[in-house]
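A.B. asks: Structure in C-alpha cells, see below.
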Amino acid sequence: MEQKKAIIMGASSGMGKELAKILSGNDYIVGLAARRIDLLDELQKGLPNKSFIKQIDISKPEDAEIKFKEMISEMDGVDLVVISSGYGDLNSKLKWPIEKATIDVNVTGFALIAGIALHHFLDRGSGHLVGISSIAALRGQRSAPAYSASKAFVCNYLEGLRHSASKSGKPIYVTDVQPGFVKTSMSRGNNLFWISTVEKAASQIYDAIVKKKKHAYITKRWRLVAWLLKIVPDWIYNKT
C-alpha cells in the first residue's frame, strides 16, 4: 500500500510540529514548511519516516506560491495539507504593524495556500485540507480585533472551499479545527482557562483528520464555551 503524503504549513513549532511527529509515526511521508528552516532541520532529524523541508513564509505570497507548488511537485503530489501557520498578538491600541502582520498571515497567506491545495486536490481527484482557526473566531475581541476577525475569515473560507469541493463530486474533505487555549509561544506568560498541551491538541487534530470531520473543537470541552459564546447577548459579552 502506497504511503500517504502530507504537507504541514507551520511545522516548526506548536501544534504543527507535534502533528508532524504524529503523522510521521503513522507512516506518512511529511512535508515540513515554515519560516524557520533551522527548526525544520532539527525536527526532520527526529522523524521516523521520510520527510521533505522547505522554507516558506506565507506572509510573502508571491514567493510562498512558488515554493509551495515546488514542494507539492517534489513530493509527487500530496493527500493532506494542514495549514497551522498563524500570527496573533494583543493589540487593543490598534497598532497597524500588528494588525497588518495578522492579516498578511492569517488572511492573505492562508487563502493563498488553501486555494492552491484545493486546486491540487481537484486535479488529483482526492485530498484533505485542514485549517487551524480558533475559538476567537466566534466573537470580535477588543484586545485582538484583527486576530479574531482573521480567524473568522479562516472558518468561512474553509466552509466555502468545502462547498466547492462537494460540487466536484470527488472525495475531497475540508476540516476546520477550532482550538481554545493551547500552550504555545502565543500563550506564554498567561494563566489561561482550560489550556491544553500541544501534544494533546495535536492528538485530537489527528483524530479529526482520521475521521475526516468537517469541524473539531480542540480540546473537545471547548464545544461548551463555543455554544455559550454564540448565545450570550452583547450586553453581557461587552462586560467581559
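A.B. asks: Taking the Cα centre of the range 1-138 as the origin, how large is its charge dipole in debye, to the nearest 20, when only Lys and Arg (+1) and Asp and Glu (-1) carry charge on their Cβ atoms?
C.D. replies: On the way: 16 positive and 18 negative charges, 59 e Å.
Computed charge dipole of the range 1-138: roughly 280 debye.
A.B. asks: Right, something else. Using a Gaussian network model on the chain with a 10 Å cutoff between Cα atoms, which of Ile22, Ile83, Ile58 fluctuates the most?
C.D. replies: Ile22
A.B. asks: So which of Lys100/Lys214; Lys69/Lys214; Lys54/Lys100; Lys67/Lys213; Lys50/Lys211; Lys4/Lys50 end up more than 20 Å apart by C-alpha?
C.D. replies: Lys100/Lys214; Lys69/Lys214; Lys54/Lys100; Lys67/Lys213; Lys50/Lys211
A.B. asks: Taking the mean number of other Cβ atoms within 10 Å as a proxy for protection, how do you rank 36-43, 169-176 from highest to lowest?
C.D. replies: Values: 36-43: 15.5, 169-176: 18.2.
Packing proxy ranking, top to bottom: 169-176, 36-43.
A.B. asks: Next question, about the same structure. Could you give the angle, 0 to 90 degrees to the nearest 10, between helix 222-231's Cα long axis and the longest principal axis of the Cα atoms of the chain?
C.D. replies: Tilt of helix 222-231: around 50 degrees.
A.B. asks: Separate question: Taking 25 Å as R0, compute the FRET efficiency from the Cβ-Cβ separation of Ser164 and Arg139 and round it to 0.05.
C.D. replies: 0.40
A.B. asks: Calculate the FRET efficiency for Asp123 and Asp38 from the Cβ-Cβ distance with a Förster distance of 45 Å, rounded to the nearest 0.05.
C.D. replies: Once the sixth-power term is evaluated, E becomes 0.85.
A.B. asks: Could you check the spin-label model distance between Lys212 and Glu62? Points 7 Å from the Cα along Cα→Cβ, value in nm.
C.D. replies: Rounded to a tenth, the inter-label distance reads 4.0 nm.
A.B. asks: Further, regarding this structure: Would you mind putting 119-126, 88-95, 108-115 in packing order, based on average other-beta-carbon counts within 10 Å, highest first?
C.D. replies: 108-115, 119-126, 88-95
A.B. asks: Related question: Can you tell me the order of 159-168, 130-139 when each peptide is scored by its average per-residue count of other Cβ atoms within 10 angstrom, highest first?
C.D. replies: Taking the mean over residues of other Cβ atoms within 10 Å, the ranking is 130-139, 159-168.
Computed from the coordinates by the stated procedures, all read-outs in this text should not be read as laboratory data. Since the structure is predicted, the reported quantities are computational estimates derived from the model, not experimental observations. No Cβ is skipped: glycine too gets one built from the backbone with ideal geometry, and neighbour counts run over all protein chains shown.
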